[in-house]
Each structure stands twice: as structure tokens, then as C-alpha cells.
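Here, each number is a calculation from the coordinates, and none is a lab measurement. Here the structure is a predicted model, which means the values were calculated and not measured. Note that each Cβ is placed from the backbone with ideal geometry, even for glycine, and that neighbours are counted across all protein chains shown.
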Amino acid sequence: MFSRWTQENFFKYLIANFDFDRMVEYGIEQVDQKRTIPNPDYKTSAYQLKKAREKKSRLEARVFQQVKDMDAICVGDLEKNMIKCGPLIEKITGYNDEIKHLLENRKNQPSRISIAEMPHEQRYNKLKQESKKLKNAIIMLVYRAESALFNILSEFYKSNEQEGRMILKEIFTSDADMIPDYENKTLTIKLHSLSTPRANQAVKELCSFLNLTETCFPFTNLRLIYKTVAL
């Protein structure tokens, strides 16, 4: 159960902060026509049958109650009460016929059909997914990277649980300068000042930690150096 909660929180965060469920392209593609699904006509017949049985049961309950009350009345009034039950019994008989007809109708229908057997105008299609899968894979990688920075930030920022991700978002959306130095094979990332002094202090510590990793910019031999202009 804890693992399930972790997964749900993970996707909830992605939807709220990374626009995870956004469409990246519009269009539809055909579903496998051999795939089987519940027969819509069978489901409709089953629903109608259920409703007819419910209505019949309610009427039978009313007749039963009236017959039960007859025990306490005199014989002279018995005939009058039986006449009152007549319309209810008539309706019950009508529902019996309807139920019999619905059972026969459902019997002649398969419970599952292939998509190819559906009427053309009712056949299911699905939204195009290939580009969305690529986008979602990138988003999940970005989230993992953010989470790694969040865990690092907790070592030198006391309010990390409450404010850590907000600081990281501010870093990601703030201006920065990229200064390549091909002679010394470095790429300096100079971050601009954030909104609060304590956030700037946390960024300084984070930059120092990341510089120790001596990471190179992808597909280059330029070593990344992180700095902040904040005092």
C-alpha cells in the first residue's frame, strides 16, 4: 500500500508541476481490431433486465404488504382489497413478460465482441501516443534529477522539506549565464540572485557540491562549473 501511495504522489506531483497529462499532438490512431471488449448491446440488455426486475420486486412487496394486512380485516372487505391488488398484479404480469423478452434478447447476444464487429460509427480509437511517451520519459527523468538535487539540498538547508522544491523551481526558472572556456575546457553556469538570502546561501552550497562531481556537459569535454552572483 505504501508503494502504491508513493506512485500516486509521484504522478500527482508530475501532473501539478510538470504538465504531465498535456497533449503534445492531436490525432487518433486505430485500435487493434481483434481486441475484444464488453458488448455494448449486451450491457444495455443487462441494464434493462436489472431495472425491470427491480420494478417487479417493488410491486411484489406492495402486494405482499396488502395481503398481509388482509388478515386483520373482516371477510366482507376481503373482496374489495383483492380488487385493489388487481392493477398491481397486472403490472407484475407485464414485467414478467418484459423480463422474459429481455432474457431471450440477451441470450442471443455475446457478452464480448471484437472491435471489428462493432458498428463503424461506434468503433473505439485511441489518441496518438508516440510523442507523448517520449515527452513523459523526459519529464520523469527531469523529476528524478530534481529529486536528487532535493535530497542533496537537505544536507545544508534546514527547511528543505517545506521549501526545497520551491527553491529548485526558482533556480530552474531564473536567469543564468553560460560561459564556455574552450582553452581550459570548462563551461561555467553563473546563476543570478534568488528571492531570499537564505535561498542564495543554499544555492552556494549546492553549487559547491555539484562542482566536486566534475561533471562534463553531455557530448563535450567541457567540465561544468556552477557559480552564483549572489553575495
Going through K34/K135; K185/K227; K50/K84; K133/K169; K12/K158 one by one, the pairs whose alpha carbons sit over 18 Å apart turn out to be K34/K135; K50/K84; K133/K169; K12/K158
Extended-chain gain in nm, criterion 0.36 nm per residue less alpha-carbon gap, S3 and A61: 16.0 nm
Residue-normalised 222 nm signal for the chain, counting each DSSP H run of n ≥ 4 as -39,500 (n - 2.57), nearest 500 deg cm²/dmol, is -20000 deg cm²/dmol
Global geometry of the range 103-216, whether rounded, prolate or oblate, following the gyration tensor of its Cα atoms and the 1.5 cut on a/c: prolate
If packing is taken as the average number of other Cβ atoms within 10 Å across a peptide's residues, how do 188-194, 99-105 rank, most packed first? 188-194, 99-105
So if each residue of separation counts as 0.36 nm, and I subtract the Cα-Cα distance between A16 and Q30, what length gain in nm does that give? 2.0 nm
Nothing charged except the Cβ atoms of Lys and Arg (+1) and of Asp and Glu (-1): what's the magnitude of the dipole of the chain about its Cα centre? Round to the nearest 20 debye. 640
Would you mind classifying the range 154-228 by shape? Square roots of the alpha carbon gyration tensor eigenvalues, ordered a ≥ b ≥ c; an a/c under 1.5 is rounded, otherwise it is prolate if a/b is larger than b/c and oblate if not. prolate
Helix 78-107: angle to the longest alpha-carbon principal axis of the chain, degrees 0 to 90, nearest 10? 50
Amide H of L224: which non-local residues (sequence gap of 5 or more, or other chain) have their own amide H closer than 5 Å, using H built in the peptide plane? L187, T215, C216, F217
Report the gain in length on full extension from N151 to R112: 0.36 nm times residue separation, minus Cα-Cα distance, nm rounded to one decimal. 9.0 nm
With both partners inside the chain, how many of the DSSP beta bridges are antiparallel, as a percent to the nearest 5? 70
What size of dipole, in debye to the nearest 20, comes out for the range 110-231 about its Cα centre when the only charges are +1 on Lys and Arg C-beta atoms and -1 on Asp and Glu C-beta atoms? 440
Just the Cα atoms of the chain, one point each, no solvent: what log10 I(q)/I(0) does Debye give at q = 0.08, 0.17 Å⁻¹? -0.64, -1.25
Does anything in the range 1-20 have its amide N under 16 Å from the 7 Å Cα→Cβ label point of I139, and if so which residues? 7-20
Taking +1 at the Cβ of each Lys and Arg and -1 at the Cβ of each Asp and Glu, which of L141, Y157, S131 sits farthest along the dipole of the range 128-167 towards its positive end, judged by Cα position relative to the Cα centre? S131
How high is the relative contact order of the chain, in percent, with contacts defined as C-alpha pairs under 8 Å that are six or more residues apart? 19
